[in-house]
1. Could you grab me the full set of residues in the range 219-231 that are in contact with a strand residue (DSSP E or B) (Cβ under 8 Å, 6 or more places away or on another chain) and either part of a helix (DSSP H, G or I) or farther than 23 Å from residue 403 by Cα (or both)?
2. Based on what the data block shows, is residue 75 buried (at least 18 other Cβ atoms within 10 Å of the Cβ), modelled with pLDDT of 95 or more and under 30 Å from residue 317 (Cα atoms)?
3. Being in contact with a helix residue (DSSP H, G or I) (Cβ under 9 Å, 6 or more places away or on another chain), under 27 Å from residue 52 (Cα atoms) and crowded, with 17+ Cβ neighbours inside 10 Å narrows it down to one residue among 371, 393, 351; which is it?
4. If you take the residues in the range 241-272 that are part of a helix (DSSP H, G or I) and either in contact with a strand residue (DSSP E or B) (Cβ under 6 Å, 6 or more places away or on another chain) or not assigned by TED's automatic domain parsing to the domain that holds residue 394 (or both), which one is farthest from residue 38 (Cα to Cα)?
5. Quick one: would you say residue 36 is at pLDDT below 95 and either surrounded by fewer than 19 Cβ atoms within 10 Å (Cβ to Cβ) or touching a helix residue (DSSP H, G or I) at 6+ places or on another chain (Cβ under 7 Å) (or both)?
6. For a quick check of your reading of the model, give me the residue pairs whose first member lies in the range 15-38 and is on the phi < 0 side of the Ramachandran plot and not assigned by TED's automatic domain parsing to the domain that holds residue 217, whose second is in a loop (DSSP other than H, G, I, E, B) and buried (at least 16 other Cβ atoms within 10 Å of the Cβ), with beta-carbon atoms closer than 8 Å and at least 6 apart or on different chains.
7. Testing residue 189 on (1) part of a loop (DSSP other than H, G, I, E, B); (2) surrounded by 15 or more Cβ atoms within 10 Å (Cβ to Cβ); (3) not assigned by TED's automatic domain parsing to the domain that holds residue 425, one condition comes back false. Which one is that?
């Protein structure tokens, strides 16, 4: 029997194993043939691309130092270049601090709404729902032209049914002076948590996962978990093996994990079934020639454009593409079944409409990756359901951690830090 078993060799699982150290008895099991989870990088010909955008931004010096040590010089630092496409023109990100180039009536609409919202803020508390909070914080105009259509496109649901729990951390809120200045000329200030970020020079984001793997005693690949019996502390795998454990760490999506616990109470299974998320289709296009802009990525709020974000990974590292070519990474959120071929044709037309891809004949590679789940939905029942599930798991010696284990919106840095925290807690117990 292993003292500790880790399910999933994404960044959180790898970080946990790294911090548990080589003196502690543990095993880590991964269903895929490679480590990394959604932090894997795929190759198609001479192009390398990730499962949508994966950037390393840091607020914790310990994690920044660890990643720098693991990558051993295979790292490039960037100052963010992000844009927003609105009213057939490109603006610097964030929209709320850079509306100077929009039509005058749109600028007026945004500023008037901002002033009204600002003047009313001291008289009321922030609304709990996401739509109400966005209007409270930015006003009707900014919401009409960016925040509401963008977030509806991203989350594929009514924003009044979502909460603002994640928003204040990730959405920049400029001052009155900064909003007014950005209505006159481009902002000279960088806003947001990812204004500086890092990325591996070679190997895509999977280079980081592989760097972790090189410091871990063993990773068991191609082991798919089928059932869990927490009463007997046993794990059942598709290959027929049964593994006993003392402490279990799961990093797989929480609803999937709970479904596999055969002796979980009906109430816990019911709570897990209510957790919601959306799927992202990530279309990657390699094309002959230079990119038509200089942005790392661009946001697209308008409903007539199918995608919500487009990235240009070749600006992260030239090693991702052959010489003389560029790479486009398109992200589309979907709910339910879609016709992938039909969606891909729509994407290519929209890339032409926005000027990103002048000629479809320039495409020399295309590949679609599917992220499911991709974004967790912070609906009104999420926290109550999560509290009950995590209380049950912890009482039975099970940690469910990471972006999808905790069922939250978080970064790669958060994943690594959660692995560190969990490992330190376990080491203190054993």
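The values are calculated or read from the model by the stated rules, or taken from the named source; none is laboratory data. The structure presented is a predicted model; accordingly, all values stated were derived computationally and were not measured. All Cβ positions, glycine included, derive from the backbone under ideal geometry; neighbour counts span all protein chains shown.
1. The answer is 229, and nothing else.
2. Taking the combined requirement at face value, the residue satisfies it.
3. 351
4. Selected residue: 260.
5. In short, no.
6. Correct list of pairs: empty, since none qualify.
7. Tallying (1) part of a loop (DSSP other than H, G, I, E, B); (2) surrounded by 15 or more Cβ atoms within 10 Å (Cβ to Cβ); (3) not assigned by TED's automatic domain parsing to the domain that holds residue 425, residue 189 fails exactly one: (2).
Yes/no per residue for (1) surrounded by 19 or more Cβ atoms within 10 Å (Cβ to Cβ); (2) closer than 25 Å to residue 336 by Cβ; (3) touching a helix residue (DSSP H, G or I) at 6+ places or on another chain (Cβ under 9 Å):
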| position | (1), (2), (3) |
| --- | --- |
| 144 | no, no, yes |
| 150 | yes, yes, yes |
| 160 | no, yes, yes |
| 168 | no, no, yes |
| 172 | no, no, yes |
| 196 | no, no, no |
